[in-house]
Amino acid sequence: MKFHAFALSLAVLWPSTAAFTTSGVPRTVRPSSPTSLHAKKVSFKEDSRKKLVDGINQVANAVKVTLGPKGRNVVLERNYGAPEIVNDGVTIAREISLADPEANVGVRLVQEVASKSDSKAGDGTTTSTIMTQAIVNNGMKAVTSGVNPIALNNGIKKAASLVAAKIKELSKDINGIEDLQSVATIASGSVDMGRIIAQAFDKVGENGSTVIEESQTLFDEIEFTEGLTIDRGYISPYFVKDQERQVAELMSPRILVTDAKIDNVNEIVPLLEQLVKTKEPILMIAEDVTGDALSALVVNKMRGVLDVVAIRAPGFGQRRKAYLQDIAIATGATYVAEEVGITLDSVTSDMLGTADRCVVAKELTTIVTDGKQDEAVQARIAQIKREGEEADTDFDRDKAQERVAALGGGIARIKVGAATETELKDKKLRYEDALNSDQFTDEILEHFDDEDQKAGAAILMKSLSEPCCQVAENAGMEGAVILSKVQELAREQGFGHGWDASKNNFCNLMDVGVVDPAKVTINAVENSASVAGLVLTTECLVTEIPVFESEEDRQRRFDAQGMGMGMGGM
């Protein structure tokens, strides 16, 4: 029910509070409509920025204690179950929510920075949070002193772009498993984790996929699945040849790929007769195989007339068609479907695909391809990657990545083991971080003529040193002293020299494997500059005024709403 402004004002101003009237005189009642008017608090200029900074500082102070090889942990309370002990920046940031709604806006901004770094590079969330805090705090001093915030923001963003370009220029390509292990070790904080991840990446290649799973043991393990994997098993257990392993293994099989449901044996008899003559095994991938068709296949299998296995097609709807087309391209088969004008009874042996080997288990099928379709597979992978980049949802992007992995080189499964649930969660987060990571100031400032923009660039350049200081402080050293020595060492001996916090040693970091992925560093710089610049240009902050209700007030409101809805037709 909608209230007109005039009627609502009369209802508010009317002095009568009678509970029951027989006349047509209006009466004042407690609003029972679910519609409510929420008041807003509006803050301006310095007050608005100060509240945002308060929220940003609280998140950054909680997150930055985890940075570096000697970073500490943060304990997160859970409403249900044991508290969680974590060392992952984005996980900590997401858990923080403040009672003050204005400061909480600042919290949400930092959460956005951390989430962007996590989604784009998978690591660097703590670094980006620390840099955001440094840029905002130094920028606030500049704005207070009279620097134009718009020009300051432009300077910060332009400097971030120049820094990103310089990082790309200085970065080096990964050469071999040793470099992979160095990157993974830095991201996870563990030599053993780094070794396992490097093995996984080296085995599955660029297009393969590495997934994290929970292990039933106390130790970390790694399993490799080579070839094209389908999460479907044999339709009937009578297809099993190896009773001990409960799998059906086909050597150099022919492969039929169709989206049709096979229930009439007469549709496939011509094809099967050709295969009986050539004595070639066949793997049939269809929507389903039932009725007479399934019975005929099982009987011929058990009699040794034809070596055949049938499985259901993976996925559902449009995604099923995409999976089937992937399989057809990888094996060189013709995709049999009515929509492309091909029916089952018209299929010949020339339309069947080939593979080196197929292993069909109860719930998983692995097709080891023979390499004859490599060019077509690479083209298909490039197409799927473009589809993943253009996808609207994370789910679609994940499915695209799965398809690329299935076509590209296989899957490595890292099974994480731990003694307790808390330790298991922390180790999984560390693994995920590591998986996704794979004279300078003067040069930057030369690109600026406007003094206010130059001030913004100087603020960003100063913020680049904050992670170094924080790593030192977490290791129990004086951050400013370590930073000064690192800068002096870099000037004297060139790029790549610095401080190894794990061993408290000044050395060539490249030589000892203390390296970061360029993508992670670039994302940290760009994301922190983007959000921090927006905070500095804020002149007004609008937030809801929270309404605190006791349990009795809440129950009374629910009762009033229920009564109003129940009497709506009277």
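Can you work out ³J(HN,Hα) from phi for every residue in segment 68-76, in order, using Karplus 6.51 cos²θ - 1.76 cosθ + 1.60 and θ = phi - 60°, giving whole Hz and x for Gly and Pro?
Calculated HN-Hα couplings, in order: x, x, 10, x, 8, 9, 10, 9, 10 Hz.
Just to check I understand the Karplus step: with θ = phi - 60° and J = 6.51 cos²θ - 1.76 cosθ + 1.60, what whole-Hz values come out for segment 241-258, glycine and proline as x?
Coupling constants for segment 241-258: 9, 9, 5, 5, 8, 6, 9, 10, 10, 10, 9, 6, x, 8, 10, 9, 10, 8 Hz.
Could you grab the relative contact order for segment 65-194? Cα pairs under 8 Å, six or more apart, rounded to a whole percent.
The value is 15 percent.
Defining a contact as two alpha carbons under 8 Å apart and six or more residues distant in sequence, what relative contact order in percent does segment 475-570 show?
11
Residue by residue through segment 347-360, what is 3J(HN,Hα) from phi via Karplus (6.51 cos²θ - 1.76 cosθ + 1.60, θ = phi - 60°)? Round to whole Hz and write x for glycine and proline.
6, 10, 5, 5, 8, 7, x, 10, 8, 6, 6, 10, 10, 10
Which trypsin sites (Lys or Arg not before Pro) from segment 66-152 combine a DSSP loop assignment with at most 15 other Cβ atoms within 10 Å?
Hits after loop and neighbour filter: Arg72, Arg78.
Non-local amide H neighbours of Ile85 (under 5 Å, H modeled in plane, Pro and chain starts lacking H): which ones?
Leu76
For Cα pairs less than 8 Å apart in space and 6+ apart in sequence, what is the mean separation divided by the residue count of segment 317-405, i.e. the relative contact order in percent?
Averaging sequence separation for qualifying contacts and normalising by length gives 24 percent for segment 317-405.
Using the Cβ atoms and a cut-off under 14 Å, what net charge is assigned to the surroundings of Gly146, where Lys and Arg are +1 and Asp and Glu are -1?
Local net charge: -1.
Which Cα, out of Ile262, Val299, Gly315, lies furthest along the positive dipole direction of segment 251-325 (beta carbon charges, K/R +1, D/E -1)?
Gly315
Check Phe506: other-chain or 5+ apart residues with amide H under 5 Å from its amide H, H built from backbone geometry?
So Phe506 has HN proximity to Asp500.
Using packing as a proxy for protection, rank 334-342, 262-270 so that the peptide with the highest average count of other Cβ atoms within 10 Å comes first.
262-270, 334-342
Take the residue pairs Lys70/Lys428; Lys40/Lys116; Lys168/Lys462; Lys385/Lys519; Lys362/Lys415 and return only those whose Cα atoms are more than 24 Å apart.
Lys40/Lys116, as the Cα separations exceed 24 Å there.
Determine which lysines satisfy two conditions relative to Lys279: a Cα distance under 21 Å, and not lying fewer than 8 residues away in the same chain.
Of all the lysines, those that pass the test against Lys279 - Cα under 21 Å, at least 8 places apart if same chain - are Lys241, Lys301.
Each value in this text was obtained by applying a stated rule to the coordinates, not by laboratory testing. The structure presented is a predicted model; accordingly, all values stated were derived computationally and were not measured. Glycine also receives a Cβ, built like all others from the backbone with ideal geometry; neighbour counts cover every protein chain displayed.
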